[in-house]
Structures are given as C-alpha cells and as structure tokens.
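Participant: I have a structure here, written as structure tokens, and I will follow up with some questions on it.
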Amino acid sequence: MENQNDEEKSKHETYATESNKVSLTNSKKDCETGLHGLNNTDLDKADSPRKASRQLNNLPQRLQSLTNLPNEKEERRNLKKLSSEEVGPRKDHPSSKRSTTLRDGIVHDRNEKDVSKTKNSTNTFFYCRFIVKFPVIAFLLSSTIHIFAIVTTVSLHIAGENVFPTDFKRLPLVLYDDKTRQQDLAWRSRDSYSLLISRPALELNNHYPTWYRGRVGDTLEVILEVDNGDIFSQANLKLIQHVENLMFNFKDYKSSYCQLDEFEECVKPWSVIRLFDGTYNTISVYNNNASKFSNFTLETFENSKEVLCNATKSDETKEFVKTIFPKGYDPCRPGCASSVTRILLTMGYPLWRGKDNTVISNFLVDEMKPNLEHIRDNILGDIMNLYYTSEWIFDNDVTEQALKDMLFTIGSFLFIFLVMWIQTKSFFITFFGIFSILTSFLLANLMYRYVFKYEYFGFFHIISMFIILGIGADDVFVFYDSWRLTAAGEYPTLAHRLTDCYYRAAKTTFITSVTTMAAFLVSGTSPLLPVASFGLFTGVLVGVNYICDLIYFPTAIILYSEKIRPRANRFLSWLFDRKCFKSLKCTFCKHETDMNETPSEIAGSSTTSISFVSSPQLAFDHSQTNLNNLQESKCCDHDVIKKPNDQGKVNHHDFEDRMLVVRFLRHGFLSFMSLKVVRFLIPFVVVGVSSFFIYSATTLEPDSKQVEIFRSTHNHGKAWNHHHYTFQKNFDENEYTSVFLVWGILGKDMSTCNRKKSDFCGGTVVWDDTFDPSSPEAQTAIHNLCQRLENASDSIINQLKIRRNAITNKPEVSCFLTAMERFLREEVQKSEDVYPSDLNVDVPLDEGNMTKFMTSNPDIYGRQLTLPKDFNRWLEIGVGYWMTNRYTGKVHPDYFMYDHLIGEEYVMGETNIAENMRFYGLYYGSKLRYFGIQVNLTVKVQTLGYSDGGPLYHAWEQFMINEKAKMPPSLKNGFQCTRNTWHMIRVQEVLSESAYFGILIGLSVALPVLVLTTMNFIIGFLAWVVIALVTVCVLGSIPLLGWKLGVLESLNLCMVVGLAVDYVVHLAEAYNVSSSVTRQDKTRNMLEKMGLSVLSGALTTFGASVFMLGAHIKFVYEFGIFVMITVCTSLFFSLFGFTSFLLIFGPEGNTGSVTALFKKIFRCKQKVQFTPNGGKPLSTPLPSEIDPPMIPNGLKSNVPKLVQLGLQSYL
C-alpha cells in the first residue's frame, strides 16, 4: 500500500509540474490566468493562521518548480496535448483532493478543477448505494409511490368520491370578508326571519303569469350579421324571416317548449319581423296622430325604411326596437345602415313534465343547437353570419369546451416527450420521466384534495397541467445532463458517480423549485378561491414533482444503464449476426449514443476520460484505449475492422453533432459576448428595452369589462360581445344595476362558510336592533331623502349614473314613503265623506291622524281599536293599508314596485288580523323589520369594469355617508348595496392589488432565496435584477398586446415571478459552483454546463404553451401567449443580460461570498484573543523575506500580488 501511495505521489508531482508549466505560459498572456495556474485560490481559502503558515512555507518550493521555463515550441505542444484531453486535473493530480465543489457542466474548463474525483466510499449517498446495489428493487420500490397515486385515485373515484371536483360553469370569485359581498347577501336574505308577514295577492293572474309555460325559462338569442350592406335590406329581411320560421316551427318547440301568453298561444320571437307581420300595424305614430304605418306587402317588405323609422317614434314600439337596433343606428337618417340585428326566442317555464331546467337544457343543447348550426352552415353560408347563445347552451358549452381544451395537454405532452426522447436518446428514460411528471400530478391532487381539503377544480387548474409539463421536463433535463456530465470524470465505483450526479441535480433543481414554489404559494394567500386554490395546487405540484424526480429518475437511469441497455445491446448484436438483419448494423452503429458505454465501464475504467467539447481538435492517441471496444462490422458487403482511431472518429462525429449547441455557446456565443463593445453594449440594450417596457407598464389601465370566458373568435365570444356592447338596450332588465339603500340590516356573518368549496354560502343575517323608522324625525328624514332622489339635479344624476324613465324622463327611484303618502292622499280625497275633514295623512304619520284613519275603517280595524296603549308604530299602519290595497288583497301597480322593498314582522300581543280578511291572513299593527330604497342605474354588471365602477362605487358610498349624517340615531346604520356589481368591482380591485402584491412578494422572496442558495451576494443580486427586469417587461407587454388589467391579466401576473426564475437561476448556480478563478472562465463554464439545459427547458415550455393557442377558453389562450412572452423574455435576459453582467461584474474568488463574510466577522470578534502560531515565530520567512533569485524572472511582476494574497490568507 505504501509503494502504491509513493507511485501515486510521484505521478501527482510530475503532472503538477506539467500543469504549472502550461499555466505559466498562460500567465505570460494573462497575469490572472498565471496566478490561477499557481492555485492562489488555495491561499484565499485558508481559514486559519496555521493553514496560512503552511501555505507560505510551501510558497518558495512552488515557485521554484517553475524556474525551468519551456521553450515556445514545447509550450504549443503542451497546449495541444491538454486540448485533446479532458480539461481539469486528472485523477492522479494532487489538487483533485482539494476540490470539493460539485459541477454540473457538460465540459470542464482548462483552468477549472474537476469535481469528478476519487472519493472514499463513505462519501457516497446511502440512497445512491442502494440504487446501484439493487437497481431493480430500487426501481420497483420508487414506482410504488406512483402506483399508489394511480390506484388511490382510481379507487376513490370508483367508491364515489369526487376526486376532481371540477366546476367549469362558475368562476367563484367571492370575497367572503368584504362588506360589499356581505351587504349584498344580507339584502338578498332580508326575508329570512321567523315572524315574517307575507302579503297574499289576489287576482295575480291578471298581472303575473301563473300558468304553465307562462314565464321565461331561458331565452335563445340569435344574432345575425352581414359583412357588407344593410341587414334591413329587402333581401336580408326575407332571409331573416326564413331563419325565424325555421326556428319557430322547429320540431317540438311550439308544442312543448315555447312561452305561452294568456290565450295559451306561443309568444312570437322578438325580431324586426314583428314590425311587418301585423303585430303593431294598428299603432299610430306621433302620439295618436292619424297617420298609420305605410301599407306594405309582407312577402316583399316594401317601404321597410319608413316602417323602421316610424317604429322609433311610436311610444309602444320605440322601446321594443331598441332591443333589435344597434347603437348609433337611426333609420330615419338618410343613408344610415345597420349590419347586425337579432332574434329572441323565449322558452316557457314551468313545464308540465317537471325537471324543467334539465328538459329545457337538453332540448336546447341536443336539438335546437344542431338546428342553428345547420342553418348557419347550409342556409346562410357566406351571405350572413349567425351567432347564438342562451344561458343553458352557454353553461353546457363552457364545460364541454373546457374538457376539449384540456386535450391540448396531450399535444404538449407529445411534444415534450419527443424533445426529451431526442435529448436522452432513450425511450425507456423518456417514458418514465414523463410518467413521473404525470403521476406527480395525481399525488399533488390527493394532497390538495384530502390534506388541504380543497373541493374546487376549475379553469385555472387546467393551466397547472401545462406548467408542470414544462417544469417537470426541465428537472428531467437537468438530472439527465448532470448524469451525462459525470461520464467525463473518473470514479472508483458507480455509486460515487451517481452520488456526484445526485448532488448536482438536487441542488440545481432545488433552487428553481423553491423559487417557483414560493412565487406560486404567494398566490395561495389570496382571498379569492380560484386564485388561492390554483396557487396552492401549483406550488404543491412543483414540490411533489421535485421529490418524485429525485426519488424515481435515478432508479430509471441506473436500471436502464445496468440492466436494460446491456441486454438490449447483446440482443441487437445477436440479431445483427443474422443474415437478414446485417444491413441494419451500420444504421445502428451510426445512432450510438453516449450511453453505449455503460456506467459501470466508465466507473471501473482507469483511463482518462475524453471531452470532445473541450477542443474541436481531438487526438485519439491514448495508449489506454479499451480493446474491448474494437468490433468487427460487415456493412454494405464490406468487412471493416474498426481500429481505435477509427472508432474514436465516429464517436467524435456523433458527439459533436449532438453537442453543436454547447460548442456554439462555448466558442461562438461567448466569443461574441466577450467582445469589449458587445460586453458593454448589451447592458445598455437591456436597460433600454427595460425602460421601454417600464414606460409601457405605466400606461396599463384597468379593464372596463367583466370576465370573458370564451375568446372573441368563438361563437359565444362573438355573441357575448354583441349582446353587451352592440345593441341599444337589452331585453333583460335585470342586467342593469340597481342600488338599494337599506336600513334594518347590518350585514352577514360569513364565519361558517367553507372557503375551500365553490358552493354558494349565504351566511347568517345580522339584524340592526336599533332600527326604528316610525318616529316622526325618522319618517321626516326618510321622506326628505326620497324627495332629494326623485328631484335630483342633472349633475347628481350624471355622477351617480341614475337612469331616467324613457317616457317621463324622471329618475327611476322607488321610495316607499312618497308612494305611500301619494296613495293615502288619493284615498282620503276619493272618500271625503268617510274620513274627517281635518285628517292629514302626510308624512310623518302620527297617533292622532292615524287613530282617526283607523276609526274611519271599522270593517278593517274593528269598531274598537285593540292596539296597546303604548303603541307607537303608526307608520306601519299606513304601510299595511297601502300594500294590501285597502286590505282587499287585490294587486295594484305599487305592489310589484315596493313589495320586495318592505319587510313586516309579527309582534306578539300587538299585531292583529284584519276583520274583513281573516281567511287571507292580512295583518295590521306589525313592525317594520327592514326597508329599502331602489335606484336604477344606467350601468350593467357585465360591462362595468374597475376603471368606471370604482369611482361610481365610491360616489355612492360618499352619498350614503352624507345622507346618514342627516338621519336620527335609529337610522344611522344604513348601507347601500347592489346585486354583484360592487362586489365584482372589489374583486377586480383585489385582483389588481394581488397582482402587484404578488409580484412584490415574489421578488422579495426570490432575492434572499437566491442569495442563500448561491451563497453569494453579487450572483444572487444579479440574478434577482434579471428576474425583476423580466417581470417588468412582461407587465409592460400587456398594453402592447391591446389588453387591459382585468381579472385574467391579474391572475397571469400573479404567476410571472414563478415562471421567470428558472433559467437565470440555473445559470447563476452554474456560475457559482464553477471552481474557475476568472469571471471569463466561470462564464464559459456556466454556458457549457447549463446552456443546453436552459435552452431545452425553454424549448419544452415554449412548445407546451404553443398548444394553448388552440384553446377557445380565453384564459387558457391568454395564458399561452403570456407564457410564450415570459419564456422568450426570460431567455433573452438570461443568456444576454445575465451573461454580460457576469462578464463585467461577476465575482471572482471569495468576492461577495456569504461564507467568507461570516468567517471574516467571526475572525474580527476573535482577533483580540488570537495570535498567529500560538505566539511563536514562523519557521518559514514571510513572502516579503523571500530571496528574489528564487523567483523566476517571468513572475517577478506577480510577486506583490502573491505576497498580498499570502498575507491576506495569513491574517
């Protein structure tokens, strides 16, 4: 053993001398490189005075070894020899024992210390030893995790568990803790109290359809559009009539599904044809003017322009034509033409057979929808465009389209599979790499569903499939490249090689996984379920995929290399010996990969490894060539014995073909980036591009629209845009927003809601116990408020967007107090002989007047009043009389306007039943539980965005604050609310804030993570700057694409940091682990090690996102574009910006090192108590005392620096 150690020591010394000679040659060209050859980094790494002393003791001898300078010819020969061998120290080089940094580069730099060295078996990872010793068992054991995910998911599904709780029909953007949501839900649940007094309405059939199919169950909207010309031309009107007849007379529509009027006849469709078929031909124009609609013939549609013009002037038809005329269209103006109109077909409700919603939905989806598509494709053709939509068809198509768009993941999967197969040259490794990614999705879903207990899987979760395909493929590439890199080193056992590979890949992918997880998990704190669940699910998915990659992929590589590939080679060798397959042998030889040599052969070989990428001029003159690699080949009827040199040439050709990108990055790209002009020009270009996008980001505006589910090119996307933005008025009045000024309710308690489900949660109503509207001051305050609203000025109406009545031009305000006062006045005036002459029913209603009023109606209140003596709710007496229409129960116009705005409560011992309506349950003496004032607005929730809705919401909030200041204490707790409108405005506001907040948090988390993982302040900061610039550029690209900051864009921005970190983090880690000294060499090594992995990851992610462009769900489509922009921007800033930053500012040695900083701080603290060498003088003189003749002439200029480095290490 001692003799063997002496021989190895002799080899080490010989090789060190040769290396130092070559390094000395380099030092003549570059002083820094010469210092690197002298291993001055060893002085920098000295961490104690004793070590520094030993370094200084050895310094004269190390300098003496360089005194014999080789001549120029010998120098060139040495350089050529080194260029043909693996870059870095050999296995027998003594410096290899000092290097402890793992590298993941593809090739090793000449001045770089190799990390692939002889190690003791104690340095191997136990899991790697187990894999190498039992490859089949390790593979099967690691496969149990993935099999468990599959079996568990299938078993739960068979057992009836909702493993994937999909919900594509709704987008539950709900802010449970926001007051706009709580107040809205509280007003909706205003009748949820136990002693509610309902108001029966007699003769309701005269005012409200109560018969079967009398109401509207759904409305089928068919929009017709022409590209050129007038849609209301004579020929087009005939075509519109034909389309309407095909729809109206289709199959069972008239007999089973149409809406019926009071005569049990089908309600005709709303369309322009109603103006021509006699429906309105008896209506006079110009307000009872004698002139009638002009005569015409229905078949020829003569005088159509005159008919349309007259319809806009008639009081009965001018509101109707607004639903079929586009904005800006005036048929009375000469030359005015319209390109679009629509037909509205109503579905009756309820049906005879029950299950109305399901039956109507099935008819529309299964029968009417194919009929419409037949009309569109075969009848209209290119003459006219047809778009259709309805509530039930839309819900069905959303779910159906979401499932179809999920199929695009198959295209992404196949693309990534193909790229990975090309990269690895192994179907086995590629298959199980993809298999690990897919099963990690199932594992993450099980954790998401049963550990975190989320019960929602919606649109945004589809995106996670595309994301994990890109991220998972990137992890596989990094691990496989790390495995391939270790083939260039030498290891005593296969376990050492796998351990080296494992540590490299684990560290590199850990950084990217942690930063990506952190960026996504930030979104998990959002109060919105879709955003929070998506952020949590994707973050967990990235983490699970990382763990699966480290556990599963090493076993697949070893199993393939040790078991499957050798057997496959033996089988192919046997197969090629058969006569019928000999012609395939050449083809097989040409496609040999770098894995032809098994890992065990590499690990067990004593020869020097070869790196073809290190130098294009490779010399295959190694005397240790393995003769087992010689093989006899019979190709093309020629017997050829491959000699060692021939075999090397073939492998050299194959390797360089495969590593063309790496050679380009090492030589061409780095040479270009190293040019002084380019090196300093690129940062200016980066700053210029970033400045442009920063300016663009400042122009980003909030979107004025609500969420659009389908793309604008889809049928529903076009119908949606026309429905909300094209026509003068919509047929559904509920689409317009109404503001309710509410008293008697405080809000809702939402603490019991399950915020991890998409199901609707109403909470519990919280009532205002101080509410009392009956006092005279309260009645007066409410009455004054009603008058201010009903007589509001134009400025107030414009500011609050109050809608005016189309006929009276008055603000549409429903205030119960003024309506009740008007009703009571009319009642008293009509019955002067019944009521006393001094009776005053004006507000406020008091005890004296209302007592006279009640005694005048003994048939209702009895001849003797039974109210308690302390009764003071005289306002409720008037309200009860008004709302029950004199306690007759008959419906009057005010009933429909105010019944839903007033709530009465039964009071024990005080509330009595009316004498004349005992069998109908009409009461008096009740208590007002709540009341509201309704104000109709001109805006719609579907088209009101944050840019317009935000100021409007705050204007109404300020209006309510001002009005409550004028109220008595019993009315101080009122609030204003809308149905969904204010809440959706707040959702947009929260999403915008979350987007910016997510970016800031993501960047804030990324900086310390990058610094701590790279353990270098400069590298971490430069990488963080690149990520910040990428984020800004992506943010600035939104206005350039014509988008605004809406719901979908805000969600995308929450993910930008998570998608931007990958590539620059890979490069930063590669630069950091490089043991080269100069930043030029470190950058070269960085590009060699991670350039191909970065490009492969970018290619797979970009390719996967390309398939999203085929999706019709708008969010998926926009996310595809968003990912493509992020990948391209991140790749540009990483390869160009980050590389140029490193070439200029890249740290060398311990510069910026976190470890060195802490060591320095620790040494400063111990400086007072510490003396060098225990206080004894050094046995070797300091560098300043070195005899000058001992230093070679060529290195005299370097002596000051050497002394400085030595002293720094000493101190």
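The values are calculated or read from the model by the stated rules, or taken from the named source; none is laboratory data. Bear in mind that the values here come from a model prediction, so they are computed numbers and not experimental data. Note that each Cβ is placed from the backbone with ideal geometry, even for glycine, and that neighbours are counted across all protein chains shown. We work out accessible area using only protein heavy atoms, side chains counted, and drop any ligands, DNA or RNA first. Shrake-Rupley method; radii C 1.70, N 1.55, O 1.52, S 1.80 Å.
Participant: Return a yes/no flag: does region 970-982 have any residue that is under 30 Å from Gln942 (Cα atoms), in a helix (DSSP H, G or I) and in contact (Cβ under 8 Å) with a residue 60 or more places away in the chain.
Facilitator: yes
Participant: Restricting to region 335-350, and then to whatever is more than 17 Å from Val243 (Cα to Cα) and in a loop (DSSP other than H, G, I, E, B), can you tell me which residue is most open to solvent (accessible area, probe 1.4 Å)?
Facilitator: Per the criteria, the residue is Gly335.
Participant: On the given criteria, is Ala444 open to solvent by less than 30 Å² (accessible area, probe 1.4 Å), within 30 Å of Ser1096 (Cβ to Cβ) and touching a residue at least 24 places away in the same chain (Cβ under 8 Å)?
Facilitator: Spelling it out, Ala444 is indeed open to solvent by less than 30 Å² (accessible area, probe 1.4 Å), within 30 Å of Ser1096 (Cβ to Cβ) and touching a residue at least 24 places away in the same chain (Cβ under 8 Å).
Participant: Hey, can you tell me all the residues within region 370-425 that are open to solvent by 60 Å² or more (accessible area, probe 1.4 Å), acidic (Asp, Glu), closer than 30 Å to Asp167 by Cβ and out of contact with any strand residue (DSSP E or B) (no Cβ under 6 Å at 6 or more places or on another chain)?
Facilitator: Glu400
Participant: Of the residues Ser795, Ser814, only one is of a type outside the set (A, V, I, L, M), within 30 Å of Asp315 (Cα to Cα), open to solvent by less than 20 Å² (accessible area, probe 1.4 Å) and at pLDDT 90 or above; which?
Facilitator: Ser814
Participant: To continue, here is another question. Could you check region 222-275 and list, in sequence order, the residues that are β-branched (Val, Ile, Thr) and either buried (at least 18 other Cβ atoms within 10 Å of the Cβ) or free of Cβ contacts under 8 Å to residues at least 24 places away in the same chain (or both)?
Facilitator: Within region 222-275, Val222, Ile223, Val226, Ile231, Ile240, Val243, Val272, Ile273 meet the criteria.
Participant: On the given criteria, is Gln787 modelled with pLDDT of 90 or more, out of contact with any Leu (no Cβ under 7 Å at 6 or more places or on another chain) and not in a loop (DSSP other than H, G, I, E, B)?
Facilitator: In short, yes.
Participant: On to the next question. Restricted to region 920-941, and to residues that are assigned to a loop (DSSP other than H, G, I, E, B) and over 15 Å from Trp882 (Cα atoms), which residue is most open to solvent (accessible area, probe 1.4 Å)?
Facilitator: Checking each candidate, the answer is Tyr920.
Participant: Only helices (runs of 4 or more DSSP H) wholly contained in region 650-760 count here; list those with 3 or more residues that are open to solvent by 50 Å² or more (accessible area, probe 1.4 Å) and at pLDDT below 85.
Facilitator: 660-663
Participant: Counting only residues that are part of a helix (DSSP H, G or I) and hydroxyl-bearing (Ser, Thr, Tyr), which one in region 371-423 is farthest from His722 (Cα to Cα)?
Facilitator: Going through the qualifying residues, I end up with Ser412.
Participant: Under the condition of being among the hydrophobic types (A, V, I, L, M, F, W, C) and under 21 Å from Ser775 (Cβ atoms), which residue from region 948-971 is nearest to the chain's Cα centre (by Cα)?
Facilitator: Within region 948-971, the match that is nearest to the chain's Cα centre (by Cα) is Met960.
Participant: Only one of these is more than 30 Å from Gln864 (Cα to Cα) and touching a helix residue (DSSP H, G or I) at 6+ places or on another chain (Cβ under 6 Å): Leu952, Leu991. Name it.
Facilitator: Leu991
Participant: Return the residues of region 1090-1104 that are surrounded by fewer than 24 Cβ atoms within 10 Å (Cβ to Cβ) and either under 15 Å from Trp1024 (Cβ atoms) or small (Gly, Ala, Ser) (or both); say none if nothing qualifies.
Facilitator: Ser1096, Ala1098, Gly1103
Participant: Quick check on Glu876: is it under 21 Å from Tyr895 (Cα atoms), open to solvent by 80 Å² or more (accessible area, probe 1.4 Å) and part of a helix (DSSP H, G or I)?
Facilitator: Here the answer is no, as Glu876 does not meet what is asked.
Participant: On to the next question. If the Cβ limit is 8 Å and pairs must be 6+ apart or interchain, which residue in region 902-919 that is open to solvent by 30 Å² or more (accessible area, probe 1.4 Å) pairs with which residue that is at pLDDT below 90 and among the charged types (D, E, K, R)?
Facilitator: Glu915/Asp859; Asn916/Asp859
Participant: When you look at Ile547, is it more than 28 Å from the chain's Cα centre (by Cα), modelled with pLDDT of 90 or more and either under 30 Å from Phe457 (Cβ atoms) or crowded, with 22+ Cβ neighbours inside 10 Å (or both), yes or no?
Facilitator: Answer is no for this residue.
Participant: Based on this model, can you work out whether Asn357 counts as open to solvent by 40 Å² or more (accessible area, probe 1.4 Å), modelled with pLDDT of 90 or more and over 30 Å from the mean Cα position of the chain (by Cα)?
Facilitator: Criteria not met by Asn357.
Participant: Name, by its number, the condition in (1) surrounded by fewer than 24 Cβ atoms within 10 Å (Cβ to Cβ); (2) part of a helix (DSSP H, G or I); (3) touching a residue at least 24 places away in the same chain (Cβ under 8 Å) that does not hold for Arg1084.
Facilitator: Among (1) surrounded by fewer than 24 Cβ atoms within 10 Å (Cβ to Cβ); (2) part of a helix (DSSP H, G or I); (3) touching a residue at least 24 places away in the same chain (Cβ under 8 Å), the lone unmet condition for Arg1084 is (1).
Participant: Let me ask another. Just for region 956-983: of the residues that are within 29 Å of Trp720 (Cα to Cα) and not β-branched (Val, Ile, Thr), which one is most open to solvent (accessible area, probe 1.4 Å)?
Facilitator: Arg979
Residue by residue, here is whether (1) crowded, with 24+ Cβ neighbours inside 10 Å; (2) closer than 30 Å to Trp720 by Cα holds:
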| position | (1), (2) |
| --- | --- |
| Leu1035 | no, yes |
| Leu1041 | no, yes |
| Met1055 | yes, yes |
| Val1064 | yes, no |
| Tyr1071 | yes, no |
| Gln1080 | no, no |
| Glu1088 | yes, no |
| Gly1110 | no, yes |
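Participant: If you go through region 828-853, how many residues are buried (at least 18 other Cβ atoms within 10 Å of the Cβ) and either among the charged types (D, E, K, R) or in contact (Cβ under 8 Å) with a residue 40 or more places away in the chain (or both)?
Facilitator: Looking only at that region, the number is 3.
Matching residues to (1) over 18 Å from Thr1100 (Cα atoms); (2) modelled with pLDDT under 85:
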residue: Asp475; (1), (2): no, no
residue: Val478; (1), (2): no, yes
residue: Leu485; (1), (2): yes, yes
residue: Gly489; (1), (2): yes, yes
residue: Pro492; (1), (2): yes, no
residue: Ala495; (1), (2): yes, no
